[in-house]
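Written out below as structure tokens is the structure these notes cover.
The values are calculated or read from the model by the stated rules, or taken from the named source; none is laboratory data. Quick caveat: nothing in here was measured; it's all calculated off a predicted structure. All Cβ positions, glycine included, derive from the backbone under ideal geometry; neighbour counts span all protein chains shown.
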Amino acid sequence: MTYILNIETATKNCSVALAKDGAVVALKEFAGEGYAHAEKLHVFIEDVLTQGNITFKDLSAIAVSMGPGSYTGLRIGVSAAKGLCYALNIPLIAIDTLELLALKIKVNEGAIIPMIDARRMEAYTAIFDKDYNKVRETKAEIISENFFDAIAGIIHLIGDGAAKYAQVLPAGKFVYHEDVLYPSANEMAQPSFNKYKISDTVDVAYFEPFYLKDFIAGK
């Protein structure tokens with residue numbers, strides 16, 4: 001029996017899921033206008049363990065969303081995950097944040113392009129096929145009208161970054177999934193379990209989030 005605690009804090013959604021053998025047994029998350037991760041994360045962790053009727057000692061591993069995303073959000077999530085791994089002497093698993101966002105929709109055809117707001121007119125993007133295979137690496141890009149010309153077929157746009165381009169990208173080729181804004185720990189359960197089974201883990205001491213862009217302090 002494998003219990004994995006999954007932590008996703010790369011965006012405004014502070015999300016924690018407890019999974020048993022790849023299936024979610026408890027989920028707590030909150031997406032507000034600001035970032036409340038520092039206040040809510042550890043409370044959510046305690047809550048899902050209580051709901052799952054287990055203790056920290058029952059955990060087999062910790063999984064964390066590795067980015068890209070909010071610098072502060074990623075630091076909070078990764079710091080918490082690393083601290084628990086150190087204390088419990090269990091492995092750390094890192095999951096691609098854009099993959100988690102792509103997993104929130106199911107499509108029969110076309111490409112899935114998750115987009116996380118990177119401020120100004122930029123978005124963190126990657127391209128996945130309908131089976132969630134990544135067919136283009138992650139980039140931070142300014143999206144123009146002709147940006148996706150090389151992609152054939154329907155393009156599914158998801159995430160809080162997609163909303164910025166509704167007026168820029170031509171209609172017809174693009175399907176906007178407006179109700180899908182943020183990644184969630186709910187979609188981490190199966191990927192983290194798959195990685196755990198093949199010991200695909202990261203070094204707790206040296207692992208750093210995938211920021212993609214340098215930190216810029218706000219006023």
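Scanning segment 169-198 for residues that are at pLDDT below 90 and either exposed (fewer than 12 other Cβ atoms within 10 Å of the Cβ) or among the charged types (D, E, K, R) (or both) yields PRO170, ALA171, GLY172, LYS173, GLU178.
Take segment 51-75 and flag every residue that is assigned to a helix (DSSP H, G or I) and under 18 Å from the mean Cα position of the chain (by Cα). First the steps, then the outcome.
Going through segment 51-75, the residues assigned to a helix (DSSP H, G or I) turn out to be 51, 56-58, 71-75.
Within segment 51-75, TYR71, THR72, GLY73, LEU74, ARG75 qualify.
Among ILE112, ILE105, ILE116, which is assigned to a loop (DSSP other than H, G, I, E, B) and hydrophobic (A, V, I, L, M, F, W, C)?
Values: ILE112 fails: assigned to a loop (DSSP other than H, G, I, E, B); ILE116 fails: assigned to a loop (DSSP other than H, G, I, E, B).
Unique residue meeting the criteria: ILE105.
Of all residues in segment 140-154, those satisfying the criterion of being surrounded by 15 or more Cβ atoms within 10 Å (Cβ to Cβ) and either under 16 Å from the mean Cα position of the chain (by Cα) or among the β-branched types (Val, Ile, Thr) (or both) are ALA140, ILE143, ILE151, ILE154. Just one residue in the set VAL25, VAL78, VAL48 is surrounded by 15 or more Cβ atoms within 10 Å (Cβ to Cβ), among the β-branched types (Val, Ile, Thr), assigned to a strand (DSSP E or B) and not assigned by TED's automatic domain parsing to the domain that holds ARG120; that residue is VAL25.
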